[in-house]
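The values are calculated or read from the model by the stated rules, or taken from the named source; none is laboratory data. It should be emphasised that the depicted structure is a prediction, and the values quoted were computed from it without experimental measurement. Here Cβ is always computed from backbone atoms with ideal geometry, including for glycine, and neighbour counts include all displayed protein chains.
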Amino acid sequence: LVVSESNAVSVDRDDRKTAAFAESQRHLAKGSATLTRFPDLREILRSSYAVQGMDGAEEFGALEEDQVSVFYLDGEPHRRRRTAISRYFALKTIKTRYNDVMEKTSIGLMNDLQRTGSAVLDQISFQMAVDVAADVVGLTNSDSKGLAIRLRKVLDAGTAAYERGSSRHFAKLKVLAYTWLFYWKDLRPALKARERELGDDVLSQMVKDKFKLGTILRECLVYAMAGMVTTRELIVVAAWHLLEKDELRQRYLAGDEDEQLAIVDEILRLEPVAGMIYRIVRENEAPAESPACPGLVGLDLRAANVDESVTGPCPFALDPDRAKRMKVAGNYMSFGDGPHRCPGAQLALHETRVFLDKLLRLPGIRLSKLPTMGWNTSIMGYELRGGEVSCDRIAAG
Ligand code: HEM
């Protein structure tokens, strides 16, 4: 049983904010089956008979290895690419090099917030996510505020291009125009700098391996979508929960790093940013006991995260002690599983933790306007926009 905020035992508590909206938006790719049980997802994601099935997989998967993003590779080429980038995501690198970026960016954002007295939560969380991911990728030769704006425009137009209706053609043109702007202002100077001298980042690795420009551009946008957009949402939803729940916030502020990470993990379990991923189960390769038939299969991360066989009772209640009690990893399915499991998971959790620790300590901090909910079709995830935080103002000295 779960101990609620007031320490009373609650059997029917549902703390999820995004679940009802996600249910209303949920639609499945044509011709796909869906798996919802945690052990079934784990079996498919860890198997060698199921390959990447996300949108674009067939188109990109047919290209030469050095033209394909890590996201769309499978088997041995995928393993090679993951090995090449693994050191940029190692916990040691996060706690040393990237920690400096996290501290610097979050302190700058909090100073601005205290000066103005309020800020739009998704805008400051996106700046945080962009600054950190830009350092990992190597987009460090242009101004970071401009980079955040340009990437937001590419990604917003990309989301609109996914929608039905006539405006999607216009959105596609906008994607091209904004992508060119991103190339010219951000990627081109970053590449030039690395052609002169290699750095220690994903871009330098691609320059060293002589990747084609188109592949580099696509890979940057994959990182933007996979790393920046997702982390923005996690920061906003976690801030929303924590600003609303006094007892949880006190626990967060009093907690050590592990305690804070457990709270963020548990919020993400209830509010997974990526709701659904796809795999193609290969004909003639799947064993008879496979939980999915050959073809396209949707893996419902949101459903798996509340599967009682791994969460224990009261799966919809926010309980930071749950994972420890159940002796499972607190990430559940939020970052996927198997060879494609998110390499940026630790990075996202740490930057969220650092950002929230600073935000929640500001005198007078409160959620002055609730965010509104939108939908990102490509990752079947929520988008929280326009939420505002306010705090006591400090006059510029
Ligand atoms: C809350 C934040 C994040 C969430 C919820 C998230 C979620 C996911 C999920 C579910 C996948 C697996 C996709 C699949 O199996 O088809 C994935 C893959 C990936 N993520 Fe993340 N992610 C986050 C943050 C990040 C960050 C910060 C980065 C990098 C800066 C990143 C980079 C990637 C990349 C490159 C992949 C593809 C890996 C592969 O296919 O081998 N992600 N992410």
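For this structure, a couple of remarks:
- Within the stretch 73-99, the set of residues being surrounded by 12 or more Cβ atoms within 10 Å (Cβ to Cβ) and either more than 15 Å from Ala348 (Cβ to Cβ) or touching a Cys at 6+ places or on another chain (Cβ under 6 Å) (or both) comprises Leu73, Asp74, Pro77, His78, Arg79, Arg80, Arg81, Arg82, Ala84, Ile85, Arg97.
- Residue identified as within 30 Å of Leu203 (Cα to Cα), buried (at least 20 other Cβ atoms within 10 Å of the Cβ) and of a type outside the set (Gly, Ala, Ser) among Met102, Met110: Met102
- Pair list, Cβ under 7 Å, 6 or more apart: the stretch 30-59 residue free of Cβ contacts under 8 Å to residues at least 60 places away in the same chain, other residue surrounded by 13 or more Cβ atoms within 10 Å (Cβ to Cβ) and not hydrophobic (A, V, I, L, M, F, W, C): Gly56/Tyr72
- The C-beta contact set for the stretch 222-246 (first residue over 16 Å from Thr352 (Cβ atoms), second residue of a type in the set (Ser, Thr, Tyr) and part of a helix (DSSP H, G or I), distance under 9 angstrom, 6+ apart or interchain) comprises Val222/Tyr72.
- For Ala57, the conditions (1) within 16 Å of the ligand (Cβ to nearest atom); (2) surrounded by fewer than 18 Cβ atoms within 10 Å (Cβ to Cβ) are fulfilled apart from (2).
- Only listed residue being of a type in the set (A, V, I, L, M) and more than 27 Å from Asn376 (Cα to Cα), chosen from Leu217, Leu181, Leu155, Leu198: Leu198
- Condition met for Leu113 (farther than 26 Å from Ser390 by Cβ, hydrophobic (A, V, I, L, M, F, W, C) and touching a residue at least 24 places away in the same chain (Cβ under 8 Å)): no
- Selection from the stretch 218-238 of residues that are modelled with pLDDT of 95 or more and of a type outside the set (D, E, K, R): Thr230, Thr231, Leu234, Ile235, Val236, Val237, Ala238
- Tallying residues that are touching a residue at least 24 places away in the same chain (Cβ under 8 Å), within 27 Å of Thr352 (Cβ to Cβ) and more than 13 Å from the ligand (Cβ to nearest atom) within the stretch 271-308 yields 3.
- Yes/no for Ala317 being surrounded by 15 or more Cβ atoms within 10 Å (Cβ to Cβ), farther than 28 Å from Asp156 by Cα and of a type in the set (Gly, Ala, Ser): yes
- Residues that are among the β-branched types (Val, Ile, Thr) and within 13 Å of Leu234 (Cβ to Cβ) within the stretch 268-292 comprise just one, Val273.
- Check on Gly214, more than 30 Å from Lys104 (Cβ to Cβ), surrounded by fewer than 18 Cβ atoms within 10 Å (Cβ to Cβ) and not acidic (Asp, Glu): yes
- Selection of the stretch 319-374 for residues being of a type in the set (D, E, K, R) and away from the ligand (no atom under 16 Å from the Cβ) yields Asp319, Asp321, Arg322, Lys324, Arg325, Lys327, Asp357, Lys358, Arg361, Arg366, Lys369.
- Criterion: out of contact with any His (no Cβ under 6 Å at 6 or more places or on another chain) and either more than 22 Å from Ile124 (Cβ to Cβ) or among the small types (Gly, Ala, Ser) (or both) - qualifying residue of Glu285, Glu271: Glu285
- Test set (1) surrounded by 14 or more Cβ atoms within 10 Å (Cβ to Cβ); (2) closer than 16 Å to Asp307 by Cα; (3) more than 16 Å from the ligand (Cβ to nearest atom) - Thr34 fails condition number: (3)
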